[in-house]
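Below is one structure; the comments refer to it alone.
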Amino acid sequence: MAAHSLKRQLKVLTIPVFIEMALVMLLGAVDTIMLSRYSDNSVAAVGLDNQLISLVFLVYQFFSMGAAILCAQYIGAGLRKRLVQVVGMALVVNLVLGLVVSALLFFYAEPILLLMGLRPELMPDGLVYLRLTGALSFFQALSLTFSASLRSADKVVYPMVVTGVVNVLNILGNYALIFGRWGCPQMGVEGAAIATAASRAVATVLLGVIHFRKHIHCFPLSYFRAMPWQELRHLLHIGIPAMSENISYNLSQVVVMFFINQISNEALAARTYCANMIMFVYLFCLSITQGGDILVGHLVGQRRHQAAYVLGNYFFRRSMIISLTGSAILALTGKSILAFFTDNQEIIAMGVWVLIIDWFLEIGRTANIFAVSTLRATGDAVYPVVVGIIFNWTVAVGLSYVVGIPLGYGLVGMWVAFALDENIRGIILMRRWRSGIWRKKGFVG
């Protein structure tokens, strides 16, 4: 496949993934946007909950991420049976894992939020939102697996369409249940939780139907009578490091949220508003990396390592240009956007500085998103974990605490520490990518 053909295919994959991920982010941001019309305290409580829910969803990606990488390489190598085995195992394990985690979130929601240091005045809203979205979170475990499997086969349009439908349902549900429209009771945060959880359940059903009709029509028992231990080992080889790196990062963010919660409700609300705005800045980087990694996996499966390297560098450069442009626009318009969400001047002032500092942070974040994901797509999954754990906890957590609380620089000072963490890791991981060590890490043999 010629270079121009790969670039064209990258565009074909990236656009649907971009739209899908924008809609996924919007699904989480819609609660924040609509609750901002309700109260700043509800936004702060839901922001803390969503940090935990994001961590849970990353646990669910344990097997789905591994399955996506293996599927891409097996499709490139024409290994259909191994593809079916991997997806079947990922679905079963994620279902069991999802049911266990959902039960824990429902029954232990209050102790978890107390451990995270949620303030007493925010506890009622935080508790109801976590219990409802957490209890039904197992649907997301299956959705992630179906979506990852479809994407690995270049069927990226279907997850995009499903996510669009679900967003519409979530917006309508939020409007009806938060504010009591169309004859529904006014339920505030509880209404937002019900609408979000129900929307995710609908997404799972739709993705499951599409997956069985358009990709893998059945999972023959003969494929699993002899346990495919090799595929399980490969899933674990990718899944455990992938989960460990992501859990380490998001757990560090949970600890950081605990620190921010100690500063003030305003700092917690400012962080929530800014985080939801910043998500859309690095959205293109996430989408082009996911689209590119499907092609990188195919090329590695075909043992075309130099083509994979050239393609990776191409979409990394595009990601950096667009991410920094988007971050600059956000920094310039941030005050007006924040004023739309809240009239609290303390929140707006903190948020403006956060958005300015975030331009520097996005340099490192873009490199990290690219390097971690693309190295994993080639099979080089362990190295990013080691780097991530070291710097997440020493710089993002340790330094941000010192600067933010004892030294008194608050949320703004903490964001400087976050920027330093992202950039250090970005430099180290990009050196790993350019070293070419990953060329010996594939799973097709």
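Restricting attention to segment 156-175, which residues are within 26 Å of residue 288 (Cα to Cα) and of a type in the set (A, V, I, L, M, F, W, C)?
If the condition is that a residue be within 26 Å of residue 288 (Cα to Cα) and of a type in the set (A, V, I, L, M, F, W, C), then 156, 157, 160, 161, 162, 165, 166, 168 are the ones that fit.
Kindly state which helices (runs of 4 or more DSSP H) lie completely within segment 14-124 and contain at least 2 residues that are open to solvent by 40 Å² or more (accessible area, probe 1.4 Å), in contact with a Phe, Trp or Tyr (Cβ under 7 Å, 6 or more places away or on another chain) and at pLDDT 70 or above.
80-107
Within segment 385-402, does at least one residue satisfy the condition of being touching a residue at least 12 places away in the same chain (Cβ under 8 Å), open to solvent by 20 Å² or more (accessible area, probe 1.4 Å), within 29 Å of residue 294 (Cβ to Cβ) and of a type outside the set (Lys, Arg)?
Among the residues of segment 385-402, at least one is touching a residue at least 12 places away in the same chain (Cβ under 8 Å), open to solvent by 20 Å² or more (accessible area, probe 1.4 Å), within 29 Å of residue 294 (Cβ to Cβ) and of a type outside the set (Lys, Arg), which makes the answer yes.
Can you work out which of the residues in segment 152-165 that are at pLDDT below 80 and surrounded by 24 or more Cβ atoms within 10 Å (Cβ to Cβ) is farthest from residue 88 (Cα to Cα)?
Ranking the qualifying residues of segment 152-165, first place goes to 156.
So residue 378 clears everything in (1) modelled with pLDDT of 90 or more; (2) among the polar types (S, T, N, Q); (3) open to solvent by less than 10 Å² (accessible area, probe 1.4 Å) except one condition, right? Which one?
Every condition holds for residue 378 apart from (1).
Hey, among 233, 200, which residue is open to solvent by 10 Å² or more (accessible area, probe 1.4 Å), modelled with pLDDT of 75 or more, out of contact with any Asp or Glu (no Cβ under 8 Å at 6 or more places or on another chain) and not acidic (Asp, Glu)?
200
If you check every pair at least six apart or on different chains, which have Cβ atoms under 6 Å apart with a residue in segment 114-142 that is closer than 16 Å to residue 54 by Cβ first and a residue that is open to solvent by less than 40 Å² (accessible area, probe 1.4 Å) and among the charged types (D, E, K, R) second?
Between residues of segment 114-142 that are closer than 16 Å to residue 54 by Cβ and residues that are open to solvent by less than 40 Å² (accessible area, probe 1.4 Å) and among the charged types (D, E, K, R), the close pairs are 126/49; 129/49; 130/49; 139/200; 140/200.
Can we say residue 339 is among the aliphatic types (A, V, I, L, M), part of a helix (DSSP H, G or I) and open to solvent by 20 Å² or more (accessible area, probe 1.4 Å)?
The answer is yes for residue 339.
Determine, yes or no, whether residue 187 is on the phi < 0 side of the Ramachandran plot, touching a residue at least 60 places away in the same chain (Cβ under 8 Å) and open to solvent by 20 Å² or more (accessible area, probe 1.4 Å).
no
I'm trying to understand the selection: among the residues of segment 255-295, which are β-branched (Val, Ile, Thr), open to solvent by less than 20 Å² (accessible area, probe 1.4 Å) and part of a helix (DSSP H, G or I)?
If the condition is that a residue be β-branched (Val, Ile, Thr), open to solvent by less than 20 Å² (accessible area, probe 1.4 Å) and part of a helix (DSSP H, G or I), then 256, 260, 272, 278, 288, 289, 294 are the ones that fit.
Restricting to segment 205-221, and then to whatever is in a helix (DSSP H, G or I) and of a type outside the set (A, V, I, L, M), can you tell me which residue is surrounded by the fewest Cβ atoms within 10 Å (Cβ to Cβ)?
213
When the residues of segment 303-319 are narrowed to those that are basic (Lys, Arg) and over 21 Å from the mean Cα position of the chain (by Cα), which ends up surrounded by the most Cβ atoms within 10 Å (Cβ to Cβ)?
Step by step, filter segment 303-319, then rank; the result is 304.
Return yes or no: is residue 147 touching a Pro at 6+ places or on another chain (Cβ under 9 Å) and open to solvent by less than 20 Å² (accessible area, probe 1.4 Å)?
Yes: the conditions hold for residue 147.
Which residue, of 363, 357, is touching a helix residue (DSSP H, G or I) at 6+ places or on another chain (Cβ under 8 Å), open to solvent by 40 Å² or more (accessible area, probe 1.4 Å) and farther than 24 Å from residue 42 by Cα?
After applying the criteria, what remains is 363.
The values are calculated or read from the model by the stated rules, or taken from the named source; none is laboratory data. Since the structure is predicted, the reported quantities are computational estimates derived from the model, not experimental observations. We place every Cβ from the backbone using ideal geometry, glycine too, and count neighbours over all the protein chains shown. The accessibility values were calculated without ligands, DNA or RNA, using every heavy atom of the protein model including side chains. Shrake-Rupley method; radii C 1.70, N 1.55, O 1.52, S 1.80 Å.
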